[in-house]
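Some notes on the structure that comes next.
The values are calculated or read from the model by the stated rules, or taken from the named source; none is laboratory data. Fair warning: this is a prediction, and the values are worked out from it, not measured in the lab. Neighbour counts run over all protein chains shown; Cβ positions are idealised from the backbone, glycine included.
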Amino acid sequence: MSRALSVVVLALAALLVLLMLSCRPARPANDPLGPNAGCYVCHLTFVREELATTHLAARVPCTRCHGLSAAHANDENIGKTKPDVMIKGAQINPFCRRCHASHDVAPEKVVARWRERAASKLPSAAPPPTVACTDCHGHHKIAKQP
């Protein structure tokens, strides 16, 4: 087969694949069999967890925050290999602000307002000394560490 014919055959094959992909029915953005399916094999509890479902509905898969994490996904000693990116304690707010820079109110201001309101109603109510976005927006099993 000549080189030109090989290029044409390859181009036609690529076009056929693209056509097949575009003709299949679209899955809803929050379909658990979508982009997070590989993660849900072990992390089934996140199928309905607030932070995961909200991000998936916005077409933000687990890999956007945690990296491809191939070694983690292929670890036969479940839990031994951590994802490529882990977000803990003091890293949470800056990490979230990478995508949510225009959030209407900083978490620190929300807590300050909560303290004002709670002081009169619940004198013993005191939030933790540090707050993170995930304190209100889904725990996502994030450790409460500085």
Return the pair list, or none, for Cβ contacts closer than 8 Å from residues in region 34-46 that are surrounded by 15 or more Cβ atoms within 10 Å (Cβ to Cβ) to residues that are β-branched (Val, Ile, Thr) and modelled with pLDDT of 90 or more, at least 6 apart or on different chains.
Pro35/Thr63
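Does Ala11 count as under 21 Å from the mean Cα position of the chain (by Cα), hydrophobic (A, V, I, L, M, F, W, C) and at pLDDT below 80?
Against the criterion (under 21 Å from the mean Cα position of the chain (by Cα), hydrophobic (A, V, I, L, M, F, W, C) and at pLDDT below 80), Ala11 does not qualify.
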For region 59-74, give me the residue count where each residue is outside any helix (DSSP H, G or I) and either more than 8 Å from the chain's Cα centre (by Cα) or loosely packed, with under 15 Cβ neighbours inside 10 Å (or both).
5
Report yes if some residue within region 114-132 is at pLDDT 80 or above and outside any loop (DSSP other than H, G, I, E, B); otherwise report no.
no
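For residues that are under 17 Å from the mean Cα position of the chain (by Cα) and in contact (Cβ under 8 Å) with a residue 40 or more places away in the chain, tally how many sit in region 75-95.
Qualifying residue count for the region: 5.
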